[in-house]
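I have placed the structure first, in the form of structure tokens, so that the comments after it can refer back to it.
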Amino acid sequence: WFKARSYAGSHALVDSVRGISKQLSSNLTNAESTNSAGAGPQSFNSNGFTLGNESSATGSTNGSQTYVAWCWEAGGAASSNTDGSGLTNVQVSANTSYGFSIVTYTGGGSGSANSDSGDSFGHGLSSAPKFVICKRRNSANGWPVYHASTALGALSLNSNVALDTASFLFAKKHPSSSVVYLGNNPEIN
């Protein structure tokens, strides 16, 4: 997770599950973008990462600015996860020791327009996650966030709106030790 500190640029999120060249910006609703060859992060290494050259002084990860990077190590290469139901292409990289995982999936969209239960995905951890961030990668949508300390509903990473308990982003039940439950909202399912 990269962020320029000396100019007002967007955040740049990359991970090994989606691939080093795929980027999301947590302050925007944009769909996932692909960095051009040689730009942005180039590799994840055992001691950090390697950055490419940016085409402008205000590049999102390596321009002529000062940056900060927050880094978490999940579980290495992603593997298929068959926990849960209704979703396809579920890939998980999980670190059970630290309670952190990265998951990608293709939504199933089950449930009716006001359904509070729908599909679920396996998170690969050994206990229920307390914090879940989702982002639809192929269209401009927000960043729904589940947190165990709130009433069942969704907060938003990229907005200051109040807790949303009506849009059925997450199902009206807390994650289990194996899966996260989704509502039928196309923003995340």
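Output wanted: per-residue J couplings in Hz (rounded whole) for the range 129-139, from phi through Karplus 6.51 cos²θ - 1.76 cosθ + 1.60, θ = phi - 60°, x for Gly and Pro.
Calculated HN-Hα couplings, in order: x, 9, 8, 9, 10, 10, 8, 6, 8, 9, 7 Hz.
Based on alpha-carbon atoms only, what is the radius of gyration of the range 91-180 relative to the globular estimate 2.2 N^0.38 Å?
Expressed relative to 2.2 N^0.38 Å, the Cα Rg reads 1.06.
Cβ under 11 Å from Trp143's Cβ, Trp143 left aside: what net charge do those residues give with Lys, Arg +1 and Asp, Glu -1?
Values: positive: Lys135, Arg136; negative: Glu187.
Net local charge, Trp143 excluded: +1.
Taking Cα pairs under 8 Å and at least six residues apart, what relative contact order does the range 1-137 come out at, in percent?
Working: 268 pairs, mean separation 26.1, N = 137.
The value is 19 percent.
When ligands, DNA and RNA are left out and all protein chains stay put, how many square angstrom of accessible area per residue does the range 62-189 have with a 1.4 Å probe?
I get 51 Å² per residue for this part.
Which semi-axis lengths, in whole Å and largest first, follow from the square roots of five times the eigenvalues of the Cα gyration tensor of the chain?
Calculated on Cα positions only, the semi-axes equal 30, 19, 15 Å.
In the range 57-189, what percent of the accessible surface is made up of carbon and sulfur (1.4 Å probe, ligands and nucleic acids excluded)?
Values: 3260 of 6720 Å².
Roughly 49 percent of what the probe reaches on the range 57-189 is carbon or sulfur.
The values are calculated or read from the model by the stated rules, or taken from the named source; none is laboratory data. These numbers were taken from a predicted model, which means no experiment stands behind them. Please note: Cβ atoms are built from the backbone with ideal geometry, for glycine as well, and neighbour counts cover all protein chains shown. Just so you know, the surface numbers come from the protein's heavy atoms only, side chains and all, with ligands and any DNA or RNA stripped out. Shrake-Rupley method; radii C 1.70, N 1.55, O 1.52, S 1.80 Å.
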